[in-house]
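Participant: To start, I am sharing the structure in question, which I have written as structure tokens.
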Amino acid sequence: MGSTGEGFGRRDLIKRSAALGLISVPTMSFLSACASGGGDTTKGPDKGVVSKENPFGVAKGGKMDVVVFKGGFGDDYAKAWEAAFDKKWGTTSSHLGTQEITGKLQTRFNGGNPPDVVDNSGAQRIKLDVLFKSNQLADLTPVLDAPSLDDPTRKVRDTLIAGTVEQGTQGGKFVSLNYVYTVFGFWYSGKLFKEKGWTPPKTWDEFLAVCAKAKEAGLGGLAHQGKYPYYINVVIMDLIAKKGGLEAMKAIDNLEPNAFEGNADALAAVEAVYEVVEKDLLLPGTNGLTHTESQTAWNQYKAAFIPSGSWLENEQLKQTPDDFDMQFLPVPLLPGSKLPFEAIRAGAGEPFIVPEKAANKAGGLEFIRSMLSREWSTIFAQQANSLTVVKDGVDPGVKLRPGTQSAVTALKAAGTNTFNYLYIDWYSEMDTAIQDASNELMAKRIQPKEWIRRAQAAVNKAAQDPNAKNNRRS
Amino acid sequence: MSQVVQGRGRTGFIAGFLLAPLALYLTFVIWPYVQTFGYSFTNWTGQSPTFDFVGVDNYSALMKDEVFRGALWNNLLLLVFVPAVTILLALFFAFMVNAGGRGGAGGVQGVAGSRLYKVVYFFPQVLSLAILAVLFGAVYRSDEGGLLNGALIRLGLVDRLHPVEWLNEPNLVLWCLLLVVVWHGVGFYLVLFSAAMQSIPKDIYEAALLDGAGRAQTFFKVTLPLLWDSVQTSAVYLGIAAMDMFVLVSTMTSGQFGGGPDHHSEVMATVLMRNFLYFGKSGYACAMGVVMLVLTMILSVVTLRATRRERIEF
């Protein structure tokens, strides 16, 4: 998740292929590059005095090593942060903004000399579950219990939007701060809808009706990022959660034997999505397009809806016409849904971590605490045009674009009715298998029942993961 | 100076030149192979220096891994078609360019404009695979914006509302990729074969022509036998390329590190990378690497043996 966050969506073809070119030369030689390094190093950084203002004991004048994913948000915000940090603590920060997190950091993790703070995002992020399993992640709970920089009488924990802690928890430990607050759903052009006289649908039937009208008008109904089925999975899974309620969602995250199979709500959700395919309401060719290709087609008014997270607006800035009026729409309801229409998947993306073996771990923790101050949160909102997980963390003076604004409105309307799946971070293999099934479903090569069977098989396989015991949610 | 001393001096001289490269080779080529072999018996996650030995678990899991077996099958398919199609086309073009022209007064020459063709044919080789992936991504694009779809729709062969999703069609995707590899390779092998053909003495051709041999006969009776060494080498190279295919598959097809739709374009290298970097099963991936290494070595030996012929001197 995040600006250019969730793997499948955010692959910039050229950059990716260029990077792959480097590692593609004979398999064996690349494997050699990944050989693990020797034992751990024992460099003891100077410790500062622990106090109320300095809860982690940051040493003045030390070094900070920051690596951030340079995606849709750029990395200017991080440079501004580092400058502020250096000024306050007298540290010297080294900055690396890169798309190749794995390439740059895998050897460092293996060698026991990782950076102090990492924004572990993008297509080439290092999988969190894997890092966690390998004991490479520092427990960030001390940050949550430290006093907030804005108001020392409150704990940092109390300044965060609900769900942030849960989202960053692996095996019962809070190990990643997902910093950017993201909402998921459909998006449409306010201008197109006004011109055609369409109203944003609230039920799935209305949704299909708008798609049908779009088709009559010579457009596609639904566009989706077919090459990365991650996006259409958002629709399928959100329909399941909204129809079956939070229980249905947790059943999937908790790998229940009836998460999909024998779950009428799940089948209804898959059938609803399949109806779009069956009624031929997809944008022609969308099944084979990348995220940028399909999103750009949608920006050219070639389709009515597209699913995505709220990074969409930032990602499409250059392709979006000035008067496009991007608008967010919660996933419409199936009959008999347990959650209201306003309910949305909302979660924190762009995971920042502090490596367990960081040379300046105290500095890393303090950096995370500073990120959760209003000052740094506003810097982020200004530089990256997105919201953070800090409650009211943006100065009211910052003006938002229409898409982000509509997402904020939807978030307010949702109130406490937000939900978020965790299996994506917990079980990469299961996620991939379900994506494969969705790709087949959208191409009309399998039927909803077969999708359910395959999804359940993926769940059953994930249940054998040793982590399945720890990764339970309630 | 006695013969013996001279011999020793030479040995020392040669050894001096050989030792340093040998050491480098051992350190940077052989040692990683050994390491990979070692890792293939562990449950290494790739993100930490700690791991346990699990014996041959990875290998027995590999035998049951349907995705990997499918990938292996795809590699074998490519192994048959990539060298065969590329070499046949390259041979044909090379022959036409060098000796396919209407024989003038006893002369042997290529078809008209052959010099230009040689240059043009070589172009694709200059492009890196990464660029090629982008280029052909545009050709195979699944909506009417794609070159192929656009042309077919204009010609009325494809319905605008249901374009062919080339790389998203299970039955087409592998062949689409094959075409790219062949397109990329033909030019290089054409030039290679051309060079070999030019080293064949003209008098042999002239003799054949005088004896009344046609183009086909000249090709099969004269050119091909004399080119056999080059063809053999090409087959090994192309075979190794067909065993890899990583860059094209991973960038052009759907799925984490490619292989889609639904594993239909999977090759061993993509399965390996997904397990190595994405699923955190690096030990398992190392086992795949070992299997790939063994297969590639068998392939090279078999190709060289199977194509061995008596050498013709000229």
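The values are calculated or read from the model by the stated rules, or taken from the named source; none is laboratory data. Not measured: the values here are computed from a predicted model. Note: ideal-geometry Cβ built from the backbone for every residue, glycine included; neighbour counts use all protein chains shown.
Participant: Only one of A:GLY62, A:GLY90 is of a type outside the set (S, T, N, Q), buried (at least 16 other Cβ atoms within 10 Å of the Cβ) and more than 14 Å from chain B (Cβ to nearest Cβ); which?
Facilitator: Going through A:GLY62, A:GLY90 in turn, the sole match is A:GLY62.
Participant: Here is a further query. Just checking, which of A:THR153, A:THR159, A:THR164, A:THR141 is touching a Phe, Trp or Tyr at 6+ places or on another chain (Cβ under 9 Å), more than 30 Å from B:PHE257 (Cα to Cα) and away from every other protein chain (no Cβ under 11 Å)?
Facilitator: A:THR141
Participant: To continue, here is another question. Considering only the stretch A:294-317, how many residues are over 17 Å from A:PHE328 (Cβ atoms), surrounded by fewer than 24 Cβ atoms within 10 Å (Cβ to Cβ) and either of a type in the set (A, V, I, L, M) or within 12 Å of another protein chain (Cβ to nearest Cβ) (or both)?
Facilitator: Adding up the residues that qualify gives 4.
Participant: Only one of these conditions is not met by A:ASP322: (1) farther than 30 Å from A:ALA83 by Cα; (2) buried (at least 24 other Cβ atoms within 10 Å of the Cβ); (3) modelled with pLDDT under 95. Which number is it?
Facilitator: (2)
Yes or no, residue by residue, for (1) assigned to a helix (DSSP H, G or I); (2) surrounded by fewer than 16 Cβ atoms within 10 Å (Cβ to Cβ); (3) out of contact with any Cys (no Cβ under 8 Å at 6 or more places or on another chain):
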residue: A:PHE109; (1), (2), (3): yes, no, yes
residue: A:ILE126; (1), (2), (3): no, no, yes
residue: A:PHE132; (1), (2), (3): yes, no, yes
residue: A:LEU144; (1), (2), (3): yes, no, yes
residue: A:LEU149; (1), (2), (3): no, no, yes
residue: A:PRO152; (1), (2), (3): no, yes, yes
residue: A:GLY185; (1), (2), (3): no, no, yes
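Participant: Sticking with this one: Return yes or no: is B:GLY283 touching a strand residue (DSSP E or B) at 6+ places or on another chain (Cβ under 7 Å) and assigned to a helix (DSSP H, G or I)?
Facilitator: So B:GLY283 fits the description; yes.
Participant: So, in the stretch A:111-138, of the ones that are within 17 Å of A:LYS357 (Cα to Cα) and polar (S, T, N, Q), which residue ends up nearest to the other protein chains (Cβ to nearest Cβ)?
Facilitator: The qualifying residue nearest to the other protein chains (Cβ to nearest Cβ) is A:SER134.
Participant: Next question, about the same structure. When you scan the stretch B:231-246, how many residues do you find that are among the polar types (S, T, N, Q) and crowded, with 19+ Cβ neighbours inside 10 Å?
Facilitator: So the count comes out to 1.
Participant: Counting only residues that are of a type outside the set (D, E, K, R), on the phi < 0 side of the Ramachandran plot and more than 15 Å from the chain's Cα centre (by Cα), how many does the stretch A:307-337 have?
Facilitator: Total satisfying the criteria: 17.
Participant: Would you mention how many residues in the stretch A:380-404 are under 22 Å from A:LYS155 (Cβ atoms) and surrounded by fewer than 21 Cβ atoms within 10 Å (Cβ to Cβ)?
Facilitator: Residues flagged as under 22 Å from A:LYS155 (Cβ atoms) and surrounded by fewer than 21 Cβ atoms within 10 Å (Cβ to Cβ) within the stretch A:380-404 amount to 3.
For every residue, the table says whether it meets (1) over 26 Å from B:TRP31 (Cα atoms); (2) basic (Lys, Arg); (3) more than 9 Å from every other protein chain (Cβ to nearest Cβ).
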| position | (1), (2), (3) |
| --- | --- |
| B:SER234 | yes, no, yes |
| B:ALA241 | no, no, yes |
| B:ASP244 | no, no, no |
| B:VAL247 | no, no, no |
| B:GLY255 | yes, no, no |
| B:TYR284 | no, no, yes |
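Participant: Quick one: would you say A:LYS194 is farther than 28 Å from A:GLY349 by Cβ and of a type in the set (Lys, Arg)?
Facilitator: Against the criterion (farther than 28 Å from A:GLY349 by Cβ and of a type in the set (Lys, Arg)), A:LYS194 qualifies.
Participant: Separate question: Would you confirm, using the coordinates I've provided, whether B:ARG274 is basic (Lys, Arg), modelled with pLDDT of 90 or more and in a helix (DSSP H, G or I)?
Facilitator: In short, yes.
Participant: Moving to a separate point now. Using the structure shown, decide if B:GLY259 is modelled with pLDDT of 90 or more, more than 21 Å from B:TYR39 (Cα to Cα), more than 8 Å from chain A (Cβ to nearest Cβ) and crowded, with 21+ Cβ neighbours inside 10 Å.
Facilitator: Yes, satisfied.
Participant: Scan the stretch A:182-191 and give yes if some residue there is over 23 Å from A:PHE73 (Cα atoms) and at pLDDT 95 or above, otherwise no.
Facilitator: The answer is yes; a qualifying residue exists.
Participant: With the structure loaded, tell me whether A:ASP119 is crowded, with 23+ Cβ neighbours inside 10 Å and either of a type outside the set (S, T, N, Q) or in contact (Cβ under 8 Å) with a residue 40 or more places away in the chain (or both) or whether it fails that test.
Facilitator: So A:ASP119 passes the test.
Participant: If I go through the stretch A:406-426 residue by residue, how many of them are without any contact (Cβ under 8 Å) to a residue 60 or more places away in the chain and of a type outside the set (Val, Ile, Thr)?
Facilitator: 1
Participant: Would you say A:LEU441 is crowded, with 18+ Cβ neighbours inside 10 Å, touching a strand residue (DSSP E or B) at 6+ places or on another chain (Cβ under 7 Å) and in a helix (DSSP H, G or I)?
Facilitator: Considered against the rule, which asks whether it is crowded, with 18+ Cβ neighbours inside 10 Å, touching a strand residue (DSSP E or B) at 6+ places or on another chain (Cβ under 7 Å) and in a helix (DSSP H, G or I), A:LEU441 comes out as no.
Participant: So which of B:LEU299, B:LEU277, B:LEU272 ends up being within 14 Å of chain A (Cβ to nearest Cβ), closer than 30 Å to B:GLU165 by Cβ, surrounded by 19 or more Cβ atoms within 10 Å (Cβ to Cβ) and within 19 Å of the chain's Cα centre (by Cα)?
Facilitator: Answer to the check: B:LEU272.
Participant: A further question follows. Kindly check whether there is at least one residue in the stretch B:71-79 that is closer than 30 Å to B:VAL181 by Cβ, within 14 Å of another protein chain (Cβ to nearest Cβ) and not hydrophobic (A, V, I, L, M, F, W, C).
Facilitator: yes
Participant: Any residue in the stretch B:125-140 that is over 21 Å from A:TYR228 (Cα atoms) and of a type outside the set (A, V, I, L, M)?
Facilitator: Yes, that holds for at least one residue.
Participant: I would also like to ask the following. Let me spell it out: the conditions are (1) at pLDDT 90 or above; (2) away from every other protein chain (no Cβ under 14 Å), and A:GLY74 meets all of them except one. Which number is the exception?
Facilitator: Single failed check for A:GLY74: (1).
Participant: Continuing with this model, one more query. Being buried (at least 17 other Cβ atoms within 10 Å of the Cβ) and not hydrophobic (A, V, I, L, M, F, W, C) is true for just one of B:THR27, B:THR50, B:THR11, B:THR36. Which residue is that?
Facilitator: Only one candidate passes the filter, namely B:THR36.
Participant: Select the helices (runs of 4 or more DSSP H) contained entirely in the stretch B:148-261, then report the ones holding at least 2 residues which are of a type in the set (D, E, K, R).
Facilitator: Of the helices (runs of 4 or more DSSP H) lying wholly inside the stretch B:148-261, those with at least 2 residues that are of a type in the set (D, E, K, R) span B:202-210, B:224-244.
Participant: Let me confirm something: among B:ALA61, B:ALA94, which residue is over 23 Å from the mean Cα position of the chain (by Cα), in contact (Cβ under 8 Å) with a residue 24 or more places away in the chain and either over 27 Å from B:TYR278 (Cα atoms) or surrounded by fewer than 15 Cβ atoms within 10 Å (Cβ to Cβ) (or both)?
Facilitator: Criteria check complete, one pass: B:ALA61.
Participant: Residues that are under 24 Å from A:TRP311 (Cβ atoms) and either at pLDDT 90 or above or more than 10 Å from chain B (Cβ to nearest Cβ) (or both): does the stretch A:103-110 have at least one?
Facilitator: Taking every residue of the stretch A:103-110 in turn, at least one turns out to be under 24 Å from A:TRP311 (Cβ atoms) and either at pLDDT 90 or above or more than 10 Å from chain B (Cβ to nearest Cβ) (or both).
Participant: With (1) part of a helix (DSSP H, G or I); (2) surrounded by 15 or more Cβ atoms within 10 Å (Cβ to Cβ) as the list, and A:TYR181 as the residue in question, which single condition is left unmet?
Facilitator: (1)
Participant: For the stretch B:94-109, does any single residue satisfy the condition of being closer than 30 Å to B:ASP262 by Cα, touching a helix residue (DSSP H, G or I) at 6+ places or on another chain (Cβ under 9 Å) and of a type in the set (A, V, I, L, M)?
Facilitator: no
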